[in-house]
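Asker: The structure's right below; bear with me while I get my questions together.
The values are calculated or read from the model by the stated rules, or taken from the named source; none is laboratory data. All values derive from a computational prediction rather than experimental measurement. Heads up, the Cβs are rebuilt from the backbone with ideal geometry, glycines too, and the neighbour counts pull from every protein chain shown.
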Amino acid sequence: MIQLLYMDTRELDTEEKCQEVADSLSEERREKALRFVHEEPRKQRLAAGYLLERYLKESGVEPPYHYGKSDGGKPYLLNHPDIEFCISHSGPHVFVAVAEQMVGLDVECLDRVPPKKKCLAIAERFFTEEDKDFIEDGDREAFLKVWTFKEAVAKGLDIPLVEVMKNTDVTMLSEHIARLEKDGVMVTLCSLSERMCGDFKVKKFFIDRETQCVRMNLV
């Protein structure tokens, strides 16, 4: 089972809340977040660490949490190798997928998609013929479906994105891919160990309120 966690960084609207979240994190996660000078990436990392480590605690996985990185750069828990996780963020939207099997995740805001002309140029350079047919009219939402699919597969398999670009297309792995959309955000999940079906319930986390379940529809 894949658990999808979500937080809006606009929750971190005061220095006190940012500090509260930072203080709750493991030393490794806190240092990773606070090394960012600019506000947006710093809040994204704070939120990602908060989602992951709070969920671990609530699931009975006790600290300390220590992290490593694979040769491909994918983070993992050194002392809990049976737990897989993947982090993605776009703007204020931060998602974390946690599972007991390989999982890939990519998130993009629809309003950050390049103009049609640039989408077609990127597709011509990097996408397969099947992908290009899928977005032949320059539809920006179709472009985003292809892009997030490839990112999620690359993250899940822990291989370079450039290898995925020309070797996978939107007709592949359809039973193992879920695309979800809510509030102008597209989320693509990939798991080679689990078939994707039905709607997803996303756990939305707040700093000073109870966690809520938010339903996201497959697209």
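Asker: Can you find a residue in the range 3-13 that is touching a Pro at 6+ places or on another chain (Cβ under 7 Å), assigned to a helix (DSSP H, G or I) and within 23 Å of Val187 (Cβ to Cβ)?
Answerer: yes
Asker: Here is a follow-up. When the residues of the range 132-171 are filtered to those that are surrounded by fewer than 17 Cβ atoms within 10 Å (Cβ to Cβ) and among the β-branched types (Val, Ile, Thr), which remaining residue is farthest from Lys117 (Cα to Cα)?
Answerer: Applying the filter and picking the extreme gives Ile159.
Asker: For Ala121, state whether it is more than 25 Å from Gln44 (Cα to Cα) and either of a type in the set (Lys, Arg) or over 21 Å from the mean Cα position of the chain (by Cα) (or both).
Answerer: So Ala121 fits the description; yes.
Asker: Next question, about the same structure. What residue, of Lys69, Lys74, is at pLDDT below 95, touching a Pro at 6+ places or on another chain (Cβ under 7 Å) and within 29 Å of Leu161 (Cβ to Cβ)?
Answerer: Lys69
Asker: Does at least one position in the range 1-8 carry a residue that is surrounded by fewer than 18 Cβ atoms within 10 Å (Cβ to Cβ), touching a strand residue (DSSP E or B) at 6+ places or on another chain (Cβ under 6 Å) and under 24 Å from Lys182 (Cβ atoms)?
Answerer: yes
Asker: In addition: If you scan the range 175-200, which residues turn out to be modelled with pLDDT under 70 and either surrounded by fewer than 13 Cβ atoms within 10 Å (Cβ to Cβ) or touching a helix residue (DSSP H, G or I) at 6+ places or on another chain (Cβ under 6 Å) (or both)?
Answerer: Selection gives Arg195, Cys197, Gly198, Asp199.
Asker: Right, Glu53: modelled with pLDDT of 95 or more, outside any strand (DSSP E or B), of a type in the set (Asp, Glu) and under 18 Å from the mean Cα position of the chain (by Cα) or not?
Answerer: yes
Asker: Among the residues of the range 58-112, which ones are surrounded by 20 or more Cβ atoms within 10 Å (Cβ to Cβ) and free of Cβ contacts under 8 Å to residues at least 40 places away in the same chain?
Answerer: Result: Tyr65, Glu84, Phe85, Ile87.
Asker: Kindly evaluate Thr128 against the criterion of being of a type in the set (S, T, N, Q) and more than 19 Å from Ala48 (Cα to Cα).
Answerer: yes
Asker: Looking at the range 144-180 only, could you name the residues that are in contact with a Leu (Cβ under 8 Å, 6 or more places away or on another chain), part of a helix (DSSP H, G or I) and among the β-branched types (Val, Ile, Thr)?
Answerer: Residues satisfying the conditions are Val153, Val164.
Asker: How many residues are in a loop (DSSP other than H, G, I, E, B) and modelled with pLDDT of 90 or more when one looks only at the range 82-126?
Answerer: 5
Asker: Then there's this: Show the residue pairs meeting these rules: Cβ distance below 8 Å; 6+ apart or different chains; first residue within the range 1-23 and among the basic types (Lys, Arg); second residue in a helix (DSSP H, G or I).
Answerer: Here the result reads Lys17/Glu11, each pair linking the range 1-23 to a residue that is in a helix (DSSP H, G or I).
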